[in-house]
Amino acid sequence: MASGNNTSTRHELVLKPTMSFWQIFNMSFGFLGIQFAFALQNGNASRILRTFGADVEHLSWFWLAAPLVGMIVQPIVGHYSDRTWNRLGRRKPYFLAGAILSSIALCLMPNASLFTAIAPALLVGASMLMIMDACFNLAMEPFRALVADNLPDSQRTTGFSVQTFLIGVGAVVGSAFPFILTKWFGVHNTAAEGVVAENVKWAFYIGAIVFIAAILVTIFGSKEYAPAEYEKYHGKSADAHHGLGQIFKDFARMPKTMKQLGLVQFFSWFALFGMWVFTNDAVATHTYGLSIADKSSDTYRSAGDWVGLLFSVYNGVSAVYALLLPFIAAKIGRKLTHAFSLVCGGIGLIAIYFIKDPDLLIIPMIGVGIAWASILAMPYVILSGSIPAGKMGIYMGIFNFFITIPQLINGIIGGPIVKHIYNNQPIYALVMSGVFMLCAAVSVIYVYDPGEVKKPK
């Protein structure tokens, strides 16, 4: 089996054609819409759930739905997208279905209070968060595989970097959109207790439109290799027609590089989950001086809008830094590039503790943005060179376990730690996230990268 994989790798390097920058750009454009929606979720889900009555120590439990659903959905979508081919293509049917369902969920979540005749608004909101994340994963997982499907190894750093750039652009606008709607268009950011503010609602509605529009650009502006052509470049998978049980067999046979990257991903995504869940309340309490019980004042909403803008800053930095990744990796290597980026993120998260002026919080967001760009690109670049022929979708889905498991663990223990160990001071959750980011930087040094090993000395 090993010799077969080596043969297909040599075959791919010789025969798979390179793509122009604009072909790569169109192929990845849908990720702009996906990340626009993700940014709205990351910046506002905790705020929405708090509006509906959630306590801060329970926020991480509500967020458990997202990684749990992702852990189930992504390997299954990856498995079947490896085996799908119809008039739309191989990965594209999943993009389109995910976009339509995600857009519906985006419109429903901030309006959970309308369904109180069925269930409490908090329960409906949490359910919408789970459904929304399942739909995001349906659209997102095949995008990683599409880049690896279409690009030779020599262009994969560029491909994932362009994808990360578009992720950054979408996230910049998505994160800042409630703030933009209020400051530029006069949409109110105040509302009665238990009701989501109008600027957040309209941000979600517009996000739904952007999501579908961006996905359609990729569907109509890019191509996929037909099955026979794909096999010519990648070789034929010996178990192409096996059922879902093959997922467990593939999991047991995951490449060495994937196992090692799993530890890096664990530290990275544990840190990110803590940042997404607790930044709103950490900034409101530590920087704005509010009490942990204050969740409906105008100052709390203003703090939430500012956090959205801060998230847009780190995503903007990510978009720019992503374009530099191929050049940095060419100079110092993929692993050192990722390690340096993670150190910047870890220092940035820890620095938030020492800053009392809200305006100065922009500075640590620069470090977070550098880390975010690398997290979205470099692990996938390193991983893609170690995946056997015909297994790109399933292994990209399995790799998601190393993203969801740390989020699940943080989701279970994060809230109780904030309440009982940090004495309801969520700022310390961000400090802990920074420490975990630094641990990720150390662990990536020990990863085996077959792409770098193949380079001539």
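The values are calculated or read from the model by the stated rules, or taken from the named source; none is laboratory data. Fair warning: this is a prediction, and the values are worked out from it, not measured in the lab. Virtual Cβ from ideal backbone geometry, glycine too; neighbours counted across all protein chains shown.
Here are some notes:
- GLY308 passes every criterion in (1) touching a Lys or Arg at 6+ places or on another chain (Cβ under 9 Å); (2) farther than 28 Å from LYS419 by Cβ apart from (2).
- Residue within the stretch 336-345 that is modelled with pLDDT under 95, assigned to a helix (DSSP H, G or I), buried (at least 24 other Cβ atoms within 10 Å of the Cβ) and aliphatic (A, V, I, L, M) present: no
- Tally, over the stretch 158-175, of residues that are at pLDDT 80 or above, over 14 Å from ILE24 (Cβ atoms) and more than 13 Å from the chain's Cα centre (by Cα): 4
- Test: residue in the stretch 243-254 that is surrounded by fewer than 22 Cβ atoms within 10 Å (Cβ to Cβ), on the phi > 0 side of the Ramachandran plot, modelled with pLDDT under 85 and assigned to a loop (DSSP other than H, G, I, E, B): no
- Qualifying residue in the stretch 59-81 (condition: within 24 Å of GLY274 (Cα to Cα), modelled with pLDDT of 75 or more and not hydrophobic (A, V, I, L, M, F, W, C)): no
- Residues being modelled with pLDDT of 90 or more, within 25 Å of CYS344 (Cβ to Cβ) and not aromatic (Phe, Trp, Tyr) are represented in the stretch 395-408 by at least one member.
- Set side by side, the residues VAL264, VAL277 differ, and just one is crowded, with 17+ Cβ neighbours inside 10 Å, under 22 Å from LEU360 (Cα atoms) and among the hydrophobic types (A, V, I, L, M, F, W, C), which is VAL277.
- Flag for TYR225 being more than 24 Å from GLY53 (Cβ to Cβ) and in a loop (DSSP other than H, G, I, E, B): yes
- A residue that is touching a Cys at 6+ places or on another chain (Cβ under 9 Å) and either assigned to a helix (DSSP H, G or I) or in contact (Cβ under 8 Å) with a residue 12 or more places away in the chain (or both) occurs nowhere in the stretch 322-329.
- Identity of the residue in the stretch 177-205, touching a residue at least 24 places away in the same chain (Cβ under 8 Å) and touching a Phe, Trp or Tyr at 6+ places or on another chain (Cβ under 7 Å), that ends up surrounded by the most Cβ atoms within 10 Å (Cβ to Cβ): ALA203
- Test for LEU263: is it within 24 Å of ILE350 (Cβ to Cβ) and at pLDDT below 85: no
- Extreme residue, surrounded by the most Cβ atoms within 10 Å (Cβ to Cβ), among residues of the stretch 18-33 that are under 20 Å from the mean Cα position of the chain (by Cα) and of a type in the set (S, T, N, Q): SER28
- Evaluation of TYR233 against (1) surrounded by fewer than 17 Cβ atoms within 10 Å (Cβ to Cβ); (2) modelled with pLDDT under 85; (3) among the aromatic types (Phe, Trp, Tyr) (one fails), failing number: (1)
- Residue match in the stretch 290-299 (condition: assigned to a helix (DSSP H, G or I), surrounded by fewer than 24 Cβ atoms within 10 Å (Cβ to Cβ) and at pLDDT below 85): yes
- Candidates LEU376, LEU383, LEU349: the one that is among the aliphatic types (A, V, I, L, M) and at pLDDT 90 or above is LEU349.
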